[in-house]
Amino acid sequence: MSLLISSENKPQLLSVSQMTLESVNALFHYADILKPVASRKKVCRVLEGAVLANLFFEASTRTRISFGAAFCRLGGAVCDTTGFTTSSMAKGESIADTSRVISGYVDAIVLRHPEKGAVAEFARATNLPVINGGDGPGEHPSQALLDLYTIIKELSRSGKDINGSHIALVGDLKYGRTVHSLIKLLSLYKGLKFTLIAPKALQMPSYILDEVSNGDNIIEQFSVLDNNVRDIDIVYATRIQKERFSAGEDDNYSPELQLNKRFIDKYCKPSVIVMHPLPRDSRAEAFDLSTDLDNDPRLAIFRQTDNGIPIRMALFAVLMGVESNIQSSLRDTTWKTPHFMGPNDHFTLHE
Ligand code: ASP
């Protein structure tokens with residue numbers, strides 16, 4: 001059987017390195033078909049009877065809830081566990097044993113773990129579909145897929161193509177796993193210019209830069225901003241991942257690097273798309289994405305989070321081999337939902 005997304009011949013998504021342009025396009029096609037389910041206009045039951053284990057051994061709100069909601073919206077049911085202290089790993093159980101035990105209970109597994117590589121270790125000990133929900137400072141492939149999906153949708157609304165665009169990644173590029181996965185995934189496209197902006201201590205690891213330097217894209221790095229940075233099409237900010245710092249490590253993050261209106265006006269194209277994987281750190285001293293861009297239609301952060309549902313539904317459908325049943329299974333919903341889910345959505349949400 002040839003699988004659209006696989007690792008060692010198993011239906012598992014551990015890294016974006018597994019993706020090709022062909023598998024990305026196919027996944028996004030299924031996500032498009034599933035959008036009416038995400039926006040609660042249609043229901044779909046292709047995973048009726050299936051059970052997901054949503055195992056989060058590290059903090060999460062969006063990823064855990066959206067994976068759970070995506071599975072439920074396909075007709076499945078979800079079992080959750082959160083944190084080490086409430087799991088048998090706190091009793092010294094190995095990752096492989098936990099993996100085999102859970103495999104006897106469920107049909108698919110999403111795992112988040114604080115150690116890089118731990119999800120791959122877990123995946124080796126099961127034949128079930130596994131999705132990496134974030135492995136420490138390693139990768140976050142489903143986030144990168146929903147980020148890419150958002151970028152393509154946002155650009156296409158103004159008639160633009162992703163090839164040839166200028167993308168700036170700002171913030172903690174060392175520990176921020178979302179940007180590790182995103183830059184790798186973006187390097188599937190042609191003629192991109194990457195502007196990487198981070199304090200010296202938090203720059204993109206060289207092993208990732210080596211992977212994405214394909215001779216076809218331009219990569220420039222800055223630790224302070226200068227006037228040579230201009231005409232950014234997409235700017236993606238990341239939170240400083242203080243929880244991953246070792247003792248004595250400091251970020252030296254300067255207010256000058258904060259993504260805010262001043263930054264946009266100075267360094268970006270007027271049509272810029274502003275993104276962030278969230279959560280944004282709202283403490284003033286964090287200098288994370290400013291609230292002065294709230295209600296600016298260029299701020300795509302909630303369109304981005306909304307896209308997490310169709311992308312994660314599409315991932316489950318593909319990994320569980322039911323993608324060709326989606327279209328015929330769609331039915332109208334029987335309940336009413338508001339047109340906009342949030343009171344300020346009319347400022348920033350389209351459609
Ligand atoms: N939610 C993202 C992650 O889990 C980004 C973050 O935590 O800053 O990696």
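Tabulated data for the structure shown
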{"quantity": "Gain upon complete extension [Arg45, Glu285; 0.36 nm per residue less C-alpha separation]", "calculated": "81.8 nm"}
{"quantity": "The chain: calculated mean residue ellipticity at 222 nm from DSSP helix runs of at least 4, using -39500 (n - 2.57)", "calculated": "-9500 deg cm²/dmol"}
{"quantity": "Residue-count net charge about Ala77 - beta-carbon cut-off 14 Å; Lys, Arg +1, Asp, Glu -1", "calculated": "-1"}
{"quantity": "Point-to-point label distance, Asn25-Thr305, nm (Cα→Cβ direction, 7 Å offset)", "calculated": "3.3"}
{"quantity": "10 Å beta-carbon shell around Arg262, net charge (K/R +1, D/E -1)", "calculated": "-1"}
{"quantity": "The stretch 55-157: relative contact order in percent, alpha carbon pairs under 8 Å with at least 6 residues between", "calculated": "24"}
{"quantity": "Protection-proxy order for peptides 140-149, 95-104, 187-196, each taking the mean of Cβ atoms within 10 Å per residue, highest first", "calculated": "140-149, 187-196, 95-104"}
{"quantity": "Taking the convex hull of Cα positions in the stretch 124-237, its mean projected area over all directions (nm²)", "calculated": "8.2"}
{"quantity": "Gain upon complete extension [Asn127, Asp80; 0.36 nm per residue less C-alpha separation]", "calculated": "14.9 nm"}
{"quantity": "Compactness of the chain, expressed as Rg and Dmax over alpha-carbon positions, Å", "calculated": "19.9, 58"}
{"quantity": "Ordering of 156-165, 105-114 by burial proxy (mean other Cβ atoms within 10 Å per residue, highest first)", "calculated": "105-114, 156-165"}
{"quantity": "Quarter of Cα convex hull surface for the stretch 62-138, i.e. mean projection, nm²", "calculated": "5.0"}
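All of the numbers you see were taken from the coordinates with simple rules; none came from a lab. Computed from a prediction, not measured in an experiment: that's the story for all the values here. For neighbour counting, all protein chains shown are included, and Cβ atoms are generated from backbone atoms with ideal geometry for every residue, glycine included.
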